[in-house]
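What follows is a set of notes on a single structure, which appears directly below.
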Amino acid sequence: MAKNMTIHLKVWRQAGPEAPGRLVDYTVKEANEHMSFLELLDVLNEQLIKEEAEPIEFDNDCREGICGSCGLMVGGTAHGPQPRTAVCQLHMRHYNDGDTIVVEPWRAAAFPLIKDLVVDRTAFDRIVAAGGYISATTGGAADANALPIAKEKADAAMDFASCIGCGACVAACPNSSASLFTAAKIAHLALLPQGHPERTRRVVNMVDQMEKEGFGDCSNHAECEAVCPKGISIAGIATMRREYMKAMLSS
Amino acid sequence: MQVVETPVKLDSQVPAGRLQDKWDTYKDYVKLVSPANKRKRTILVVGTGLAGGSAAATLAGLGYNVKSFCIQDSARRAHSIAAQGGINAAKNYPNDGDTIWRLFYDTIKGGDYRSREANVYRLAQVSNNIIDQAVAQGVPFAREYGGLLDNRSFGGAQVSRTFYARGQTGQQLLLGAYQAMSQQIEEGNIEMKARREMLDLVVIDGRARGIITRNLVTGVIERHLGDAVLLCTGGYGNVYYLSTNAKNSNVTAAWRCFKRGAYFANPCYTQIHPTCIPVSGEYQSKLTLMSESLRNDGRVWVPNDSNDTRPPSQIPENERDYYLERRYPSFGNLVPRDVASRAAKKECDDGRGVGETKLAVYLDFADAIKRLGKQAVEDRYGNLFEMYERITGENPYKVPMRIFPAVHYTMGGLWVDYELQSTIPGLFVLGEANFSDHGANRLGASALMQGLADGYFVIPYTLGGFLAGVPMNDDVTTDHEAFAATEQEALERINRLLSIKGDKTVTEFHRELGQIMWDHVGMARNRKGLEEACKSIAALREEYWQNVRVPGVNETFNKNLEFAARVADFLELGELMARDALHREESSGGHFREEYQTPEGEALRNDEDFAYVAAWEYTGDHANPTLHKEELEFEYVKPTTRSYK
Ligand SMILES: Cc1cc2nc3c(=O)[nH]c(=O)nc-3n(C[C@H](O)[C@H](O)[C@H](O)COP(=O)(O)OP(=O)(O)OC[C@H]3O[C@@H](n4cnc5c(N)ncnc54)[C@H](O)[C@@H]3O)c2cc1C
Ligand code: FES
């Protein structure tokens, strides 16, 4: 039979961006080893609603580690203790009966808090809008096989393209830098020939936007890579720097 | 049940001419909108999945003013992101004999002859353009060592026509569309409204002219005016509570349009996917799909004896029942999705299910590992095995996987004509939200194809044709009384939900509804069960409006309130699905009626009486919906019976 356990939680509660926030203690007695961490929060929320209290707000959608909606600091680590695992895929079997877990939102100046564990990550959208695309008018494309691309290149591009935009990299970084996120897109598109015509403009605009949004600088702590649920490599940041240098030299 | 039928003929607006020429002829003659006039038109695009994202980006690129809406905090997070396996196209790169005709034929046959030939043919025709477009955007599809695109085969086809990006095809295609949208946002052609939920449609003088939304952060109710509304809001699988859909997937936008006059077509056609990770307990919030490809090497079995509680490794070979291999000797473990799902259900109904809940069957790789070696199995399925282990804590190299069917996709949706226009002029429906191309059953890797076909290649033409025919610069503004009245109704609904303050949570109701749907409107249906479902859903709905507890207030971020409104709509939709299933006295595709099967237990379709699209018209909360039939004519493909024996 599945093991039942009691889990104590300290959850960040904050009614709105201007309201004061604090950690509140809760206990869930019917936790179960097969539950996901978000299901534990669901159970707690059901309990709170029954007690006429307000449930805890947290973003989530796919619950299979691909949409990037979820994002919590669990026990001080972005997405919790399991490597390469978004918090929606973290399961309670990694905890013990009686454990106390602290749950907080992503904290970064560029991710203003909305409520409880929900933050505003639209800065990421604006970084992409600044240049994270390849202009390709619908209907005007050449045959897909007209331009062969070496498998290694395509695979490497895919490694970077698999970023889910959750923001864990920012939350884990001591400088709240968005370098891994931004670099992943730049590296993905720089590896493909289709991305070349716009590469100069792209890197300059995206990096500028990242700074404008108030993200910090990268000082090579590599905390981002450690927490990334998709295991995106910080080698991308080196690519971004190279692209940026090249752009500066050519302009 | 009494079914009200009308003789009104639904006009599908299919152009005349040879099947192969229809779309080209349509494009030759459709009216165009001049660049200057495009700038004067505002298009409201609801949803940013593959359908909405591709439509918004393309229309904005053409010069229209686009306003885009989505529930999530970013357009990039739409449910399409979760699609794993791949996308079909008739490129014939492997030179294995694929053609547009074959893709068309497979889709019609896969849909069990319940879709419209002309739409499906067009889908097959534009499939190739989608791949070209995606590659131009930088979608990193899998490639061979020679640098060309790689293909794999997928259920229901004898050719390799599926393009893929690891197990993340939906993610990569959606990011392509999202990035194209982002460029248009930066250029000022799209106004992006994330964290907004459409609560209703505003109809003025019989035309869709706007929507009412709720700002999901502040609770503010807003009015948006447009020259046309594109509904790209996805499927309604979450009516079953547990499904492979994302938590926010819902029917609300489509349902509100239904109540404003858009017909709902074939609501009973639901696809149940055979290989999902089983439910582990009451708290279960959603189900995770495991790729179908696992059935290529895994063997499905249950113990002979329903009281056998030994671990699988201790059950000897002769005490196992490999029931798919036994019942379908020629297809074995590779029978289509619906057949495999029903067979698993039958074993569990007979008490032979495995695991703690006894609602699962084994999918065993021991023989494959013996035959191919562990490395080969790892090369093929490594990432899937890892995902399985992450969720269940069990290692499938050592113990067989436990799998069970789960609701996955809904073929039904709002009725649309060839131009993707609903029965409300100016309301177009794209992607999974419409009913159009998959008939009674969808083939793997064809939903992504359809969403992108609709958004990139169909709507840019058909919308222009519509707009060219409607007057410009009328004096309608958001001050129009229809906006005020619709907004008021939306607000009243919210206030009503908040004021009930009953004893049961939204989730409890949703789970109960899901159970009714799963038991009676699920994999196998019968008259008695469906009649019961109609009654119990109505009773549950009644109770909902008396006894639901929705915490908090409107003027804040309040997920429970969002869900409360969606579940209220699911409680109405569920009944329509049951009614539709009840009236369709045949078994076709995802709809299996126990009364209509062969002596061997196979689906019995009835082309004589049911070769039509059932389009339901709303006639009031307390009146039966009216059934309209679009007769399906098969001029090019002769319907035959599927057999997998
Ligand atoms: C796990 C899984 C795997 C799959 N794998 C494949 C595959 O390999 N190949 C394949 O072809 N298909 C696959 N499918 C099916 C396919 O992913 C979907 O059918 C398709 O992505 C639907 O796209 P869409 O654009 O119609 O809707 P969605 O992607 O569901 O997007 C809906 C959009 O509408 C918005 N929305 C909804 N309601 C409202 C509202 N009221 N107000 C405002 N916005 C709203 C949402 O925010 C979202 O942006 C898979 C499905 C699942 C669940
Ligand atoms: S909820 Fe989608 S990644 Fe976690």
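Things worth noting here:
- Qualifying residue in the stretch A:198-207 (condition: part of a loop (DSSP other than H, G, I, E, B), away from ligand 2 (no atom under 16 Å from the Cβ), among the charged types (D, E, K, R) and open to solvent by 60 Å² or more (accessible area, probe 1.4 Å)): no
Here is a yes/no grid of residues against (1) within 14 Å of another protein chain (Cβ to nearest Cβ); (2) surrounded by fewer than 15 Cβ atoms within 10 Å (Cβ to Cβ); (3) out of contact with any Gly (no Cβ under 7 Å at 6 or more places or on another chain):
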residue: B:550; (1), (2), (3): yes, no, yes
residue: B:553; (1), (2), (3): yes, yes, yes
residue: B:569; (1), (2), (3): no, no, yes
residue: B:574; (1), (2), (3): no, no, yes
residue: B:581; (1), (2), (3): no, no, yes
residue: B:593; (1), (2), (3): no, no, yes
residue: B:603; (1), (2), (3): no, no, yes
residue: B:641; (1), (2), (3): no, yes, yes
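- Candidate set: the stretch B:236-248, residues that are touching a Lys or Arg at 6+ places or on another chain (Cβ under 9 Å) and in contact (Cβ under 8 Å) with a residue 60 or more places away in the chain; chosen: the one farthest from ligand 1 (Cβ to nearest atom): B:241
- Matching residues in the stretch A:70-99 - criterion: being outside any loop (DSSP other than H, G, I, E, B) and either modelled with pLDDT under 95 or of a type in the set (Lys, Arg) (or both): A:93
- Checking B:456, B:461 one by one, the residue that is buried (at least 21 other Cβ atoms within 10 Å of the Cβ) and away from ligand 2 (no atom under 16 Å from the Cβ) is B:456 and no other.
- Apart from one condition, residue B:98 fits all of (1) at the interface with another protein chain (Cβ under 8 Å from one of its Cβ atoms); (2) modelled with pLDDT of 95 or more; the exception is (1).
- Hits in the stretch B:249-276 - residues which are open to solvent by less than 10 Å² (accessible area, probe 1.4 Å) and within 14 Å of chain A (Cβ to nearest Cβ): B:273, B:276
- Leading residue by the ranking (nearest to residue A:231 (Cα to Cα)) among those in the stretch A:135-160 that are surrounded by fewer than 15 Cβ atoms within 10 Å (Cβ to Cβ) and among the aliphatic types (A, V, I, L, M): A:150
- Residue count for the stretch B:332-353, restricted to those that are part of a loop (DSSP other than H, G, I, E, B) and over 25 Å from the mean Cα position of the chain (by Cα): 4
- Just one of the listed residues (B:379, B:367, B:417) is of a type in the set (Asp, Glu), modelled with pLDDT of 95 or more and outside any loop (DSSP other than H, G, I, E, B), and it is B:367.
- Residue count for the stretch B:193-222, restricted to those that are assigned to a strand (DSSP E or B) and either within 11 Å of ligand 1 (Cβ to nearest atom) or of a type outside the set (A, V, I, L, M) (or both): 16
- Among the residues making up the stretch A:68-90, those that are away from chain B (no Cβ under 12 Å), near ligand 2 (Cβ under 10 Å from one of its atoms) and in contact with a strand residue (DSSP E or B) (Cβ under 7 Å, 6 or more places away or on another chain) are A:72, A:87.
- Single match in B:611, B:615, B:565 (criterion: open to solvent by less than 10 Å² (accessible area, probe 1.4 Å), of a type outside the set (S, T, N, Q) and modelled with pLDDT of 95 or more): B:615
- Failed item, numbered, when residue B:123 is tested on (1) within 14 Å of chain A (Cβ to nearest Cβ); (2) outside any loop (DSSP other than H, G, I, E, B); (3) open to solvent by less than 20 Å² (accessible area, probe 1.4 Å); (4) within 16 Å of ligand 1 (Cβ to nearest atom): (1)
- Near pairs, Cβ below 6 angstrom, 6+ apart or cross-chain, from the stretch A:50-64 (outside the structural domain of residue A:165 (by TED's automatic domain parsing)) to any residue that is aliphatic (A, V, I, L, M) and within 16 Å of ligand 2 (Cβ to nearest atom): A:57/A:118; A:58/A:117; A:59/A:118; A:60/A:38; A:61/B:246; A:62/B:82; A:62/B:246
- Set side by side, the residues A:18, A:39 differ, and just one is open to solvent by 10 Å² or more (accessible area, probe 1.4 Å) and either facing chain B (nearest Cβ under 8 Å) or under 19 Å from the mean Cα position of the chain (by Cα) (or both), which is A:39.
- Single residue of B:470, B:521, B:506 found to be in contact with a strand residue (DSSP E or B) (Cβ under 8 Å, 6 or more places away or on another chain) and closer than 29 Å to residue B:342 by Cβ: B:521
- Looking only at the stretch A:72-90, residues that are open to solvent by less than 10 Å² (accessible area, probe 1.4 Å) and away from ligand 1 (no atom under 16 Å from the Cβ) come to 8 in all.
- One residue alone among B:356, B:389 is open to solvent by 20 Å² or more (accessible area, probe 1.4 Å), part of a helix (DSSP H, G or I) and within 14 Å of chain A (Cβ to nearest Cβ), and that residue is B:389.
- Residue in the stretch B:141-164 that is assigned to a helix (DSSP H, G or I) and open to solvent by less than 10 Å² (accessible area, probe 1.4 Å) present: no
- Within the stretch A:91-125, the set of residues being facing another protein chain (nearest Cβ under 8 Å), open to solvent by less than 30 Å² (accessible area, probe 1.4 Å), under 14 Å from the mean Cα position of the chain (by Cα) and of a type outside the set (A, V, I, L, M, F, W, C) comprises just one member, A:121.
- Looking only at residues of the stretch B:184-203 that are closer than 23 Å to residue B:569 by Cβ and either more than 12 Å from chain A (Cβ to nearest Cβ) or aromatic (Phe, Trp, Tyr) (or both), we find that the one that is farthest from ligand 2 (Cβ to nearest atom) is B:203.
- Leading residue by the ranking (nearest to ligand 2 (Cβ to nearest atom)) among those in the stretch B:238-271 that are part of a loop (DSSP other than H, G, I, E, B) and in contact with a strand residue (DSSP E or B) (Cβ under 6 Å, 6 or more places away or on another chain): B:244
- Only one entry in B:51, B:57, B:36 is in contact with a Cys (Cβ under 7 Å, 6 or more places away or on another chain), away from ligand 2 (no atom under 16 Å from the Cβ) and within 24 Å of residue B:225 (Cβ to Cβ), namely B:51.
- Wholly within the stretch B:453-529, helices (runs of 4 or more DSSP H) carrying at least 1 residues that are more than 30 Å from residue B:587 (Cβ to Cβ) and without any contact (Cβ under 8 Å) to a residue 12 or more places away in the chain: B:481-500, B:506-520
- Qualifying residue in the stretch B:360-371 (condition: touching a helix residue (DSSP H, G or I) at 6+ places or on another chain (Cβ under 9 Å), surrounded by 24 or more Cβ atoms within 10 Å (Cβ to Cβ) and charged (D, E, K, R)): no
The values are calculated or read from the model by the stated rules, or taken from the named source; none is laboratory data. Note that this is a predicted model, so its numbers are computed, not measured. Please note: Cβ atoms are built from the backbone with ideal geometry, for glycine as well, and neighbour counts cover all protein chains shown. The area values use the complete protein model at the heavy-atom level, side chains included, leaving out ligands, DNA and RNA. Shrake-Rupley method; radii C 1.70, N 1.55, O 1.52, S 1.80 Å.
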